[in-house]
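*Asks:* One structure is given below, represented as structure tokens, and several questions about it will come after.
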Amino acid sequence: MIERLLFPRTQGLRVTYHVLFWLLFVLLHYAYALPTLAQKATDSSVTITGFFYFLKIIPEYYFCIGLYSVLNKYIRGFLLFCILFLSAILLNHVFSIGLFLAVDYAFGLENMPDRFRLFGNLYLSPFHFWEWGSWLVFSNDLSEAQFMILPAALKMAKFAASENVMRQKLENEALTMELKALKSQINPHFVFNVLNAAYAKILPISEDASEYLLKVSEILRFSLYEMNDEFIRLERELAYMNLYVELESVRSNRRCKVNVIQEGEILDTHRIPTLSLITLVENAFKHGVHATRHDCFVDITISVSSGVLEFVIANSKPKSILPVRSAKKPSGGIGLINLERRLGIYYPGGYKFERSETEDVFQVLVQMPVN
């Protein structure tokens with residue numbers, strides 16, 4: 001119930017919520033200002049002017065929200081707050097000048113209440129940079145910034161609630177997937193021990209087969225002991241990825257050409273969401289390698305610079321799909337959708353996830369902080 005109230009499911013409901021909020025906002029502030037209008041409160045021109053005085057807050061607010069949406073991708077923290085605060089003051093100044101000009105043209109400032117007429121004359125007077133009197137008008141802009149507090153606070157509360165809801169949904173989905181896995185799998189510790197025993201038996205007969213089993217055992221070890229945490233050392237994730245790539249390459253009878261390029265220094269402090277890179281690699285092999293019997297490729301580029309990981313993976317798109325996969329499916333499956341959702345929760349506004357494809361190649365680019 002609360003989720004439906006906070007996050008309306010249709011655009012029409014969202015618009016209705018916004019209209020109702022701003023109507024109540026303007027009416028309450030106008031009622032609060034009535035005592036200052038004194039004997040002119042019954043004048044229709046004063047009433048219209050009073051409503052428009054508070055209505056101008058609405059476009060100022062949405063301008064700031066739009067500016068935040070753009071700047072949040074590049075700037076964060078205190079600097080972003082300062083830019084938005086100064087922008088709110090400048091926007092209020094510009095809209096105030098426009099309002100006073102319109103009122104002076106339509107009704108005449110001399111017919112307005114004393115306080116309104118005083119500020120109108122200040123705003124419409126020529127601005128002189130070196131005169132302190134010209135700067136005093138900005139003190140009113142500063143005081144009117146308080147009108148932004150309530151809508152901004154509600155927006156922040158809604159954003160925080162949205163983050164909590166998304167995280168809770170992700171945790172619930174993870175628990176559901178884990179439960180399904182536990183119901184369907186043989187005891188992994190038993191499998192792990194069997195693989196180790198098989199490795200010891202096969203080693204004298206075939207080094208290649210025993211090496212393959214050893215890599216499978218390492219992957220199982222990883223899944224048993226290192227997949228429980230939300231974040232993992234980047235070095236460990238890459239080690240698991242390389243093991244996975246080697247096993248998939250053998251599985252595809254070496255018909256898949258895999259090229260891995262790694263640049264930049266990886267530190268012990270570098271962390272990423274667990275299985276984020278493996279998801280991308282699995283998707284490439286599933287849709288680009290195992291969907292065809294023909295030669296294919298997977299190219300992986302890993303770059304770490306200034307605390308940011310850039311991971312680019314490209315795979316060939318099969319020209320003819322195997323009969324089992326005759327129903328055409330998109331190159332990027334639900335794993336990519338879930339990964340993008342995870343990144344959005346962990347790094348809101350601080351990551352990049354781009355998918356692109358041509359007739360022959362499907363590519364995914366991911367950028368995320370590692371510190």
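The values are calculated or read from the model by the stated rules, or taken from the named source; none is laboratory data. A quick note: this is a predicted structure, and the numbers were derived from the prediction, not measured. No Cβ is skipped: glycine too gets one built from the backbone with ideal geometry, and neighbour counts run over all protein chains shown. Heavy atoms of the whole protein, side chains included, go into the accessibility calculation; ligands, DNA and RNA do not. Shrake-Rupley method; radii C 1.70, N 1.55, O 1.52, S 1.80 Å.
*Asks:* At 1.4 Å probe size, put VAL165, VAL370 in order of accessible surface, largest to smallest.
*Replies:* Solvent-accessible surface, decreasing: VAL165, VAL370.
*Asks:* Further question on the same structure: Just how much of TYR62 is accessible, in Å², when a 1.4 Å probe is used and the result is rounded to the nearest 10?
*Replies:* Using a 1.4 Å probe on the heavy atoms, I get roughly 90 Å².
*Asks:* Would you mind getting me the FRET efficiency between VAL70 and GLN11? Use the beta-carbon distance for r and R0 = 22 Å, nearest 0.05. Mind showing how you got there, number by number?
*Replies:* Details: r = 21 Å, r/R0 = 0.97.
Plugging the Cβ-Cβ distance into 1/(1 + (r/R0)^6) gives 0.55.
*Asks:* Sticking with this structure for a sec: Using a 1.4 angstrom probe with every protein chain in place, what is the largest-first accessible-area order of TRP135, TRP22, TRP130? Present the calculation step by step, with values, prior to reporting the outcome.
*Replies:* Numbers: TRP135 100, TRP22 20, TRP130 225 Å².
Largest accessible area first, the residues go TRP130, TRP135, TRP22.
*Asks:* Ordering PHE362, PHE129 by accessible area with a probe of 1.4 Å, largest first, what comes out?
*Replies:* Order by accessible area, largest first: PHE129, PHE362.
*Asks:* I'd like the accessible area for ASP104: 1.4 Å probe, protein heavy atoms, all chains in place, Å² to the nearest 10.
*Replies:* Near enough 70 Å² of accessible area.
*Asks:* If I stretch the segment between SER134 and PHE119 completely, what's the gain in nm (0.36 nm per residue apart, minus their alpha carbon distance), one decimal?
*Replies:* 4.2 nm
*Asks:* Determine the distance separating the Cα centre of segment 356-371 from the Cα centre of segment 73-105; give it in Å without decimals.
*Replies:* Answer, in whole Å: 38.
*Asks:* Please report the accessible area of ILE65 (heavy atoms, 1.4 Å probe, ligands and nucleic acids excluded) in Å², nearest 10.
*Replies:* The accessible area comes out at roughly 40 Å².
*Asks:* What is the extension gain from ASN242 to ILE345, computed as 0.36 nm multiplied by their sequence separation minus the C-alpha to C-alpha distance, in nm to one decimal?
*Replies:* Length gained between ASN242 and ILE345: 34.4 nm.
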